[in-house]
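*Asks:* Could you have a look at this structure, given as structure tokens, before my questions?
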There are 2 protein chains.
Amino acid sequence: MPNVVEHTRATLNFSAGPAVLPESVLLQAREALWDIDDTGIGILEHSHRGPAVDRVFEEAKATCRRVGNIPDDFEVLFLQGGASLQFGMLAMAFLSTGRTGDYLHTGAWTKRAIADARVVGDVHVAFDGSNDDFRSIPEAADIAWSEHPAYAAYCSNNTIYGTRFDTAPDASAPLVADMSSEMFSRPIDWSKHAMVYAGGQKNLGPAGVTLAVIKRDFLELARRDLPDMLRYDLHASKDSRYNTPPVFAIYVCGLVLKWIEEMGGTEAMTARNDAKAKCIYDAIDSSGGFWKGHANSSCRSVMNIPFVSPTPEQDAEFLAIAAKAGMSGLKGHRSVGGLRASVYNAFPEQGCEALASLMRDFAKR
Amino acid sequence: MPNVVEHTRATLNFSAGPAVLPESVLLQAREALWDIDDTGIGILEHSHRGPAVDRVFEEAKATCRRVGNIPDDFEVLFLQGGASLQFGMLAMAFLSTGRTGDYLHTGAWTKRAIADARVVGDVHVAFDGSNDDFRSIPEAADIAWSEHPAYAAYCSNNTIYGTRFDTAPDASAPLVADMSSEMFSRPIDWSKHAMVYAGGQKNLGPAGVTLAVIKRDFLELARRDLPDMLRYDLHASKDSRYNTPPVFAIYVCGLVLKWIEEMGGTEAMTARNDAKAKCIYDAIDSSGGFWKGHANSSCRSVMNIPFVSPTPEQDAEFLAIAAKAGMSGLKGHRSVGGLRASVYNAFPEQGCEALASLMRDFAKR
């Protein structure tokens with residue numbers, strides 16, 4: 001198992017997504033653009049029903065099952081439209097007349113998911129984190145599920161507010177997780193979930209593909225009287241090729257998944273990611289109050305770390321210094337302000353150390 | 001203006017889609033995967049709201065407007081889900097209670113479009129080409145539009161049956177065209193259309209992006225009480241960046257559009273494409289009845305040419321010979337059988353000549 005994440009390019013890319021990819025993946029993708037498998041045809045140009053793409057998709061799916069340790073009674077789908085389309089698709093598929101969707105409201109993405117579901121059916125907000133500016137994640141006692149919801153939905157890691165569920169919540173209804181910003185950064189407890197989905201552009205690959213992993217008995221309950229592309233059952237029965245799928249994005253995901261495997265899998269990723277995040281949180285916590293993280297300490301994300309200095313002017317000054325040091329993508333989201341370091345699977349250890357060192361120096365001045 | 005489409009790779013790629021791309025585009029995309037604009041970050045890894053992607057999107061859109069000669073009162077949107085998602089989205093957006101969608105049924109794609117619309121609202125089939133196995137395109141006299149449809153939809157080029165509309169049909173309702181398999185292969189008469197859409201993977205770029213060009217006054221009529229990703233108005237007001245768009249696919253589309261411009265634009269493409277198709281149709285028509293095209297002669301597509309020999313055995317034999325000559329993707333679609341040559345914008349002239357020559361030799365034997 002390689003010791004550290006490769007990093008040879010000049011820039012440290014802290015972007016929240018689309019985000020940094022493993023360099024070895026980029027090098028393989030470059031070759032495949034011109035010619036894949038000595039076919040004389042590039043990966044963008046092959047029929048999605050031909051043997052070259054067959055191999056690519058089979059490998060991507062098989063690697064996904066291995067890396068994710070996905071049980072056999074779950075379907076693995078590669079869809080389009082990002083997590084955002086899943087917000088509406090989920091509600092349209094499962095909120096038939098009289099059914100309610102339960103939501104744990106922990107940030108910007110659950111806000112959108114809830115709004116989409118409200119257009120389609122009934123919604124029950126079982127936890128509302130907006131009161132403390134989404135600094136916290138609910139404990140079991142904070143959650144009030146409704147009587148018989150069609151599903152219970154939550155977002156496991158909140159890109160903007162930098163919080164995450166340490167463990168998946170308990171629910172008696174089918175549990176659905178938006179894991180866009182932390183997919184395969186740590187193992188998933190499938191026994192708790194009916195469905196997990198993730199937009200591709202953070203830990204999986206490029207923008208333009210959504211991974212949806214759905215338990216078959218839950219999928220069976222999905223409505224079929226919908227336009228074809230909104231039907232989970234059709235995507236499953238056609239093995240994600242009902243229409244032309246985003247071939248290149250799936251190809252790159254396959255390479256990223258193989259890379260995770262080579263790096264030791266999601267457990268090794270957990271250790272690496274925990275250490276990477278700790279390095280930055282330590283710089284916050286040891287700054288004597290100069291740096292402040294947005295999330296409550298007990299709810300801290302390992303992927304996205306938003307923090308502020310005492311003033312917006314100092315934030316701007318630090319951003320400029322970091323930019324000179326080759327650090328990109330550190331500006332905080334407009335709803336939180338300050339700075340944000342996104343340190344996904346493919347973000348290198350040395351980048352976290354470099355940022356932490358810069359933060360310590362800046363706080364001391 | 002360059003005289004011919006570049007072709008240096010060993011294989012002639014006749015795939016119906018995803019399909020061959022200009023080689024110069026692939027070479028640029030390879031560089032950008034590793035690092036675009038000397039940012040030290042590749043095109044897959046840049047934030048979709050950062051300056052590098054700003055430039056890419058602005059250029060892609062501006063080039064699209066120039067190449068397509070798109071009037072100012074049309075919005076240019078880059079969406080996801082292929083033409084297939086447009087089938088349902090169009091119907092959901094415009095078929096409110098009591099409204100009917102009119103369709104000219106000319107093949108496999110209109111079949112799916114009609115089926116999706118029927119799930120959502122009322123459908124009137126104003127022409128049904130299934131009786132003659134979709135060999136023909138309706139004349140004005142063959143079309144019976146309904147009284148006040150919300151829109152009149154057609155597919156301008158039928159990938160599978162190899163037919164196309166020589167000119168857009170006349171309709172008093174807003175006319176909506178699925179141009180997936182011929183987008184920007186010839187000029188578009190915008191005065192006749194309210195909306196044109198196209199999946200990316202034939203003439204535009206890779207799979208995973210859909211171009212939708214919508215007249216503003218038509219777009220204003222679209223329903224807004226839908227999940228966000230199904231709202232045309234939202235995609236328009238957010239300039240195709242309501243959620244994370246398929247950045248790489250849009251980037252490659254931008255390069256392809258620039259390439260079309262450098263090749264002389266859609267009028268030069270028309271001349272080139274007409275000559276390319278004629279070369280193959282001549283080989284069919286001069287074969288003394290050995291080769292038979294599927295489409296009626298008056299309705300022939302310039303992009304997709306399905307044809308058969310007298311027997312499936314001879315089809316198979318020809319396929320094998322063609323494969324040995326480095327020709328790929330010539331197997332016909334299962335619903336028509338035989339062979340199909342797809343010769344989109346980026347397919348090289350020399351490939352058409354090579355195929356025509358092989359067809360003549362084979363017919364003579």
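The values are calculated or read from the model by the stated rules, or taken from the named source; none is laboratory data. None of the values given here were measured: they were computed from a predicted structure. Positions of Cβ are backbone-derived with ideal geometry, glycine not excepted, and every protein chain shown enters the neighbour counts.
*Asks:* Assuming residue B:39 fulfils every condition listed in (1) surrounded by fewer than 21 Cβ atoms within 10 Å (Cβ to Cβ); (2) within 22 Å of residue A:17 (Cα to Cα); (3) more than 8 Å from chain A (Cβ to nearest Cβ) apart from one, which condition is it?
*Replies:* (3)
Residues are listed down the side, and each one gets a yes or a no for (1) touching a residue at least 40 places away in the same chain (Cβ under 8 Å); (2) of a type in the set (D, E, K, R); (3) in contact with a Leu (Cβ under 7 Å, 6 or more places away or on another chain):
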{"site": "A:277", "(1), (2), (3)": "yes, no, no"}
{"site": "A:293", "(1), (2), (3)": "yes, no, no"}
{"site": "A:323", "(1), (2), (3)": "no, no, no"}
{"site": "A:332", "(1), (2), (3)": "no, no, yes"}
{"site": "A:339", "(1), (2), (3)": "no, no, yes"}
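*Asks:* Among the residues of region A:5-32, what is the count of those that are free of Cβ contacts under 8 Å to residues at least 12 places away in the same chain and aliphatic (A, V, I, L, M)? Walk me through it before giving the result.
*Replies:* Residues of region A:5-32 that are free of Cβ contacts under 8 Å to residues at least 12 places away in the same chain, as a first pass: A:26-27, A:30-31.
Still in the running and aliphatic (A, V, I, L, M): A:26-27.
Going through region A:5-32 one residue at a time, the tally reaches 2.
*Asks:* Over 30 Å from residue A:334 (Cα atoms), modelled with pLDDT of 95 or more and touching an Asp or Glu at 6+ places or on another chain (Cβ under 8 Å): is that true of residue A:15 in this structure?
*Replies:* Numbers: over 30 Å from residue A:334 (Cα atoms): no; modelled with pLDDT of 95 or more: yes; touching an Asp or Glu at 6+ places or on another chain (Cβ under 8 Å): yes.
Considered against the rule, which asks whether it is over 30 Å from residue A:334 (Cα atoms), modelled with pLDDT of 95 or more and touching an Asp or Glu at 6+ places or on another chain (Cβ under 8 Å), residue A:15 comes out as no.
*Asks:* Considering B:188, B:137, which residue is touching a strand residue (DSSP E or B) at 6+ places or on another chain (Cβ under 8 Å), under 19 Å from residue B:114 (Cβ atoms) and away from chain A (no Cβ under 14 Å)? If you could, list the steps in order and put the result at the bottom.
*Replies:* Details: B:188 fails: under 19 Å from residue B:114 (Cβ atoms).
That would be B:137, the only listed residue that is touching a strand residue (DSSP E or B) at 6+ places or on another chain (Cβ under 8 Å), under 19 Å from residue B:114 (Cβ atoms) and away from chain A (no Cβ under 14 Å).
*Asks:* Test of understanding: among B:297, B:309, B:335, which residue is in contact with a helix residue (DSSP H, G or I) (Cβ under 9 Å, 6 or more places away or on another chain), more than 28 Å from residue B:22 (Cα to Cα) and modelled with pLDDT under 95?
*Replies:* That would be B:335, the only listed residue that is in contact with a helix residue (DSSP H, G or I) (Cβ under 9 Å, 6 or more places away or on another chain), more than 28 Å from residue B:22 (Cα to Cα) and modelled with pLDDT under 95.
*Asks:* Continuing with the same structure: Pairs needed: first member in region B:246-265, acidic (Asp, Glu); second member anywhere, surrounded by fewer than 24 Cβ atoms within 10 Å (Cβ to Cβ) and not in a helix (DSSP H, G or I); C-beta distance under 9 Å; at least 6 residues apart or different chains.
*Replies:* B:262/B:1; B:262/B:2
*Asks:* Further, regarding this structure: Restricting to region B:340-358, what's the tally of residues that are in contact with a strand residue (DSSP E or B) (Cβ under 9 Å, 6 or more places away or on another chain), surrounded by fewer than 23 Cβ atoms within 10 Å (Cβ to Cβ) and under 19 Å from residue B:306 (Cβ atoms)?
*Replies:* Number of matching residues: 2.
*Asks:* Among the candidates B:152, B:207, B:198, which residue alone is within 14 Å of chain A (Cβ to nearest Cβ) and touching a Leu at 6+ places or on another chain (Cβ under 6 Å)? Write out each step before concluding.
*Replies:* Working: B:152 fails: within 14 Å of chain A (Cβ to nearest Cβ); B:207 fails: touching a Leu at 6+ places or on another chain (Cβ under 6 Å).
Among B:152, B:207, B:198, only B:198 is within 14 Å of chain A (Cβ to nearest Cβ) and touching a Leu at 6+ places or on another chain (Cβ under 6 Å).
*Asks:* Could you please give the count of residues in region A:135-163 that are buried (at least 23 other Cβ atoms within 10 Å of the Cβ) and either at pLDDT below 95 or not polar (S, T, N, Q) (or both)? Even if it seems obvious, please write down each step before you answer.
*Replies:* Residues of region A:135-163 that are buried (at least 23 other Cβ atoms within 10 Å of the Cβ), as a first pass: A:137, A:149-159, A:161-163.
From the residues that got through so far, the ones that are either at pLDDT below 95 or not polar (S, T, N, Q) (or both) too are A:137, A:149-155, A:161-162.
Number satisfying all stated conditions: 10.
*Asks:* Do we have any residue at all in region B:288-301 that's surrounded by 14 or more Cβ atoms within 10 Å (Cβ to Cβ) and over 27 Å from residue B:186 (Cβ atoms)?
*Replies:* Taking every residue of region B:288-301 in turn, at least one turns out to be surrounded by 14 or more Cβ atoms within 10 Å (Cβ to Cβ) and over 27 Å from residue B:186 (Cβ atoms).
*Asks:* Which of (1) surrounded by 24 or more Cβ atoms within 10 Å (Cβ to Cβ); (2) in a loop (DSSP other than H, G, I, E, B); (3) in contact with a strand residue (DSSP E or B) (Cβ under 9 Å, 6 or more places away or on another chain) is the odd one out, the single condition residue B:172 does not satisfy?
*Replies:* Among (1) surrounded by 24 or more Cβ atoms within 10 Å (Cβ to Cβ); (2) in a loop (DSSP other than H, G, I, E, B); (3) in contact with a strand residue (DSSP E or B) (Cβ under 9 Å, 6 or more places away or on another chain), residue B:172 violates only (1).
*Asks:* May I ask you to say which residue of A:65, A:112 is closer than 30 Å to residue B:226 by Cβ, within 18 Å of the chain's Cα centre (by Cα) and without any contact (Cβ under 8 Å) to a residue 60 or more places away in the chain? Please lay out each step first, then the result.
*Replies:* Values: A:65 fails: closer than 30 Å to residue B:226 by Cβ.
Among A:65, A:112, only A:112 is closer than 30 Å to residue B:226 by Cβ, within 18 Å of the chain's Cα centre (by Cα) and without any contact (Cβ under 8 Å) to a residue 60 or more places away in the chain.
*Asks:* OK, next. Check A:365, A:360 and return the single one that is away from every other protein chain (no Cβ under 14 Å) and without any contact (Cβ under 8 Å) to a residue 24 or more places away in the chain. First the steps, then the outcome.
*Replies:* Values: A:360 fails: without any contact (Cβ under 8 Å) to a residue 24 or more places away in the chain.
Being away from every other protein chain (no Cβ under 14 Å) and without any contact (Cβ under 8 Å) to a residue 24 or more places away in the chain holds for just one of A:365, A:360, which is A:365.
*Asks:* Right, here's the next one. For the condition within 14 Å of chain B (Cβ to nearest Cβ) and farther than 25 Å from residue A:17 by Cα, what is the one hit in A:121, A:88, A:81?
*Replies:* Step by step, each of A:121, A:88, A:81 is checked, and only A:121 is within 14 Å of chain B (Cβ to nearest Cβ) and farther than 25 Å from residue A:17 by Cα.
*Asks:* Could I ask something else about it? So, in region A:213-230, exactly how many residues are surrounded by fewer than 24 Cβ atoms within 10 Å (Cβ to Cβ) and either part of a strand (DSSP E or B) or more than 7 Å from chain B (Cβ to nearest Cβ) (or both)? Don't jump to the end; show me each part of the working.
*Replies:* Start the filter on region A:213-230 by keeping residues that are surrounded by fewer than 24 Cβ atoms within 10 Å (Cβ to Cβ), which leaves A:215-226, A:228.
Right, trim to either part of a strand (DSSP E or B) or more than 7 Å from chain B (Cβ to nearest Cβ) (or both) and you get A:215-224.
Within region A:213-230, residues that are surrounded by fewer than 24 Cβ atoms within 10 Å (Cβ to Cβ) and either part of a strand (DSSP E or B) or more than 7 Å from chain B (Cβ to nearest Cβ) (or both) number 10.
*Asks:* Among the residues of region B:315-332 satisfying the criterion of being among the small types (Gly, Ala, Ser) and closer than 17 Å to residue B:350 by Cβ, which is surrounded by the most Cβ atoms within 10 Å (Cβ to Cβ)? Before the answer, list the steps.
*Replies:* Kept after step one, since they are among the small types (Gly, Ala, Ser), are these residues of region B:315-332: B:316, B:320, B:322-323, B:325-326, B:328-329, B:332.
Filter once more, keeping what is closer than 17 Å to residue B:350 by Cβ: B:322, B:325-326, B:328-329.
Details: B:322: 23, B:325: 12, B:326: 14, B:328: 22, B:329: 25.
Among them, the one singled out is B:329.
*Asks:* Pick from A:76, A:67, A:53: which is of a type in the set (A, V, I, L, M, F, W, C), in the same structural domain as residue A:243 (by TED's automatic domain parsing) and touching a Leu at 6+ places or on another chain (Cβ under 7 Å)?
*Replies:* Working: A:76 fails: touching a Leu at 6+ places or on another chain (Cβ under 7 Å); A:53 fails: touching a Leu at 6+ places or on another chain (Cβ under 7 Å).
After ruling out the rest, the residue left standing is A:67.
*Asks:* Quick one: would you say residue B:68 is among the small types (Gly, Ala, Ser) and more than 10 Å from chain A (Cβ to nearest Cβ)? Talk me through it step by step, then tell me what you get.
*Replies:* Details: among the small types (Gly, Ala, Ser): yes; more than 10 Å from chain A (Cβ to nearest Cβ): yes.
Spelling it out, residue B:68 is indeed among the small types (Gly, Ala, Ser) and more than 10 Å from chain A (Cβ to nearest Cβ).
*Asks:* Identify all residues within region B:115-140 that are farther than 21 Å from residue A:226 by Cβ, touching a Lys or Arg at 6+ places or on another chain (Cβ under 9 Å) and assigned to a loop (DSSP other than H, G, I, E, B); write none if there are none.
*Replies:* B:137
*Asks:* Now for a different question. Filter region B:107-134 for residues that are more than 21 Å from residue B:163 (Cβ to Cβ), in contact with a helix residue (DSSP H, G or I) (Cβ under 9 Å, 6 or more places away or on another chain) and of a type outside the set (A, V, I, L, M, F, W, C); which is surrounded by the most Cβ atoms within 10 Å (Cβ to Cβ)?
*Replies:* The residue in question is B:116.
*Asks:* Of all helices (runs of 4 or more DSSP H) completely enclosed by region A:252-365, which ones contain at least 1 residues that are closer than 30 Å to residue A:132 by Cα, more than 22 Å from the chain's Cα centre (by Cα) and among the aromatic types (Phe, Trp, Tyr)? Show your work before the answer.
*Replies:* On the way: elements: A:265-285, A:312-324, A:349-364.
Because the criterion is at least 1 residues that are closer than 30 Å to residue A:132 by Cα, more than 22 Å from the chain's Cα centre (by Cα) and among the aromatic types (Phe, Trp, Tyr), the helices (runs of 4 or more DSSP H) in region A:252-365 that meet it are A:312-324, A:349-364.
*Asks:* For region A:231-250, what are the residues that are surrounded by 23 or more Cβ atoms within 10 Å (Cβ to Cβ) and of a type in the set (A, V, I, L, M)?
*Replies:* A:247, A:249, A:250
*Asks:* A further question on this structure: Quick one: which of B:44, B:104 is surrounded by 17 or more Cβ atoms within 10 Å (Cβ to Cβ), away from chain A (no Cβ under 14 Å), in contact with a helix residue (DSSP H, G or I) (Cβ under 7 Å, 6 or more places away or on another chain) and over 20 Å from residue B:211 (Cβ atoms)?
*Replies:* Values: B:44 fails: away from chain A (no Cβ under 14 Å).
Testing whether each residue is surrounded by 17 or more Cβ atoms within 10 Å (Cβ to Cβ), away from chain A (no Cβ under 14 Å), in contact with a helix residue (DSSP H, G or I) (Cβ under 7 Å, 6 or more places away or on another chain) and over 20 Å from residue B:211 (Cβ atoms) leaves just B:104.
*Asks:* Ok, one more. Within the set of pairs 6 or more residues apart or between chains, which connect a residue that is free of Cβ contacts under 8 Å to residues at least 12 places away in the same chain inside region B:231-245 to a residue that is among the acidic types (Asp, Glu) with Cβ atoms less than 9 Å apart?
*Replies:* Correct list of pairs: B:234/B:228.
*Asks:* Do we have residue B:266 as more than 11 Å from chain A (Cβ to nearest Cβ), at pLDDT 95 or above and closer than 19 Å to residue B:199 by Cβ here? Before you say what the answer is, go through the steps one by one.
*Replies:* Working: more than 11 Å from chain A (Cβ to nearest Cβ): yes; at pLDDT 95 or above: yes; closer than 19 Å to residue B:199 by Cβ: yes.
Yes: the conditions hold for residue B:266.
*Asks:* Shifting gears a bit: Being charged (D, E, K, R) and more than 8 Å from chain A (Cβ to nearest Cβ) is the filter here; which residues of region B:3-22 pass it? Talk me through it step by step, then tell me what you get.
*Replies:* Applying the first criterion (charged (D, E, K, R)) to region B:3-22 yields B:6, B:9.
Across region B:3-22, the qualifying residue is only B:6.
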